[in-house]
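A short write-up of the structure that comes next.
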Amino acid sequence: MHFQPIERPAQAFQQPVTPAHLQEISRRVFGRDAVEAVELGLGMYNTTYKVTVEGRDRPVVMRFAPEPARQARSERELMRNEYATAPYLAPIAPLMPRIIAADWSHELIGRDYLVQTLLDGVPAPDGLPGYPRPTWTSFFRKMGEITRKIHDVRGPAFGPGFGPGFGPVAAPAYRTWSEAVAGALRELAADAEDAGLHAADLRKAAALAEERRDVLDEITEPRLLTGDLWTVNAMIAKDAPEPTLTGVLDFDRTWWGDPAADWTIRMANAKQDERLAFWETYGKQDRTPAATWRSLIYEIRHLGAVRLERHRHGECDGVAQSYDDVTAVLAEID
């Protein structure tokens, strides 16, 4: 089998799998040998390969979660969370890869893995720069439409987790939104401390969420949040006259809550440029004082997750910047 991994330092968070593992999985799932495996590099958590299998017309995607011991409590069993989310994503099913196989047994390799169909197109971060920026509005308009469909899905309770055996086992569903937000901030703080980082700012935000639970608990209906949907998790058509979004993927960080708390909303608000087209199809935002206060708490949660990711990938300057960013947001809250 031809094997093309990405060269990474031995201590890198994303760890490769061996050609022998890929071959065993190909035989288990398809009863046939793999003839080529190329590692894909856009993601920053799972390890992903495009695999060509003997006798199949199209390659497939094999995604491997980090080993359990390498998973933080706020990121535990994310791949299982994605698998459990699939039925709730039916409104956008034509845009998503199909799951061919899922294996949590750890019999062949000590990691969870998924085998999925390969989406057509090119990753949006690679394809968008080939178009004049004014034409990007078509892409963001479609992103708004997709996000609206996901946020319209109602759930049973707040927070991550889809019941026993699914989702992050250390993060069960919560009765109220304030409990879910405070719990998420405390988990991020504990993960930062486990990594040797200070987290007093995240714990302060958790305390604020508890003190102002009345503002957070104005959100009474859990909605499905994408977790981290944005350009890096989107595909666009190759050689189309304008950027045409054709697929979305990697829904391993979904959870139930206030749509305004979603990473997608944060990114749509990050710049006043072509992404303003997002709101044409998504709809208007709540700009009340209570919603504005909630958005500041949500921003700290995002910054806490970014801090962990930057630390994981050795971005010391980025970690330091996260403290300044959280301090600035806390000053707005106070």
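Data table
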{"read-out": "Added length on full extension, which subtracts the Cα-Cα distance from 0.36 nm per residue, Glu315 to Lys284", "value": "7.6 nm"}
{"read-out": "Solvent-accessible area per residue, Å², over the chain with all protein chains present [probe radius 1.4 Å]", "value": "46"}
{"read-out": "Accessible area, probe 1.4 Å, largest first, for residues Met44, Met96, Met79", "value": "Met44, Met96, Met79"}
{"read-out": "Length-normalised contact order of segment 189-269 in % [C-alpha pairs under 8 Å, at least 6 apart]", "value": "29"}
{"read-out": "Order of exposure, largest accessible area first, which applies to Phe3, Phe158 with probe 1.4 Å", "value": "Phe3, Phe158"}
{"read-out": "Within the accessible area of the chain (1.4 Å probe), percent carbon and sulfur", "value": "52"}
{"read-out": "Using θ = phi - 60° and Karplus 6.51 cos²θ - 1.76 cosθ + 1.60, couplings along segment 218-227 (whole Hz; Gly, Pro as x)", "value": "5, 7, 10, 10, x, 10, 6, 9, 5, x"}
{"read-out": "Area of Tyr83 that stays accessible when all protein chains are in place (1.4 Å probe, Å², to 10)", "value": "90"}
{"read-out": "Surface accessible to a 1.4 Å probe, His106 within the full protein complex, Å²", "value": "60"}
{"read-out": "With DNA, RNA and ligands ignored, accessible area of Glu210 (1.4 Å probe; Å², nearest 10)", "value": "70"}
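The values are calculated or read from the model by the stated rules, or taken from the named source; none is laboratory data. Everything quoted here is computed from the prediction, not taken from an experiment. Quick note on the areas: whole protein, heavy atoms, side chains included, nothing else; ligands and nucleic acids left out. Shrake-Rupley method; radii C 1.70, N 1.55, O 1.52, S 1.80 Å.
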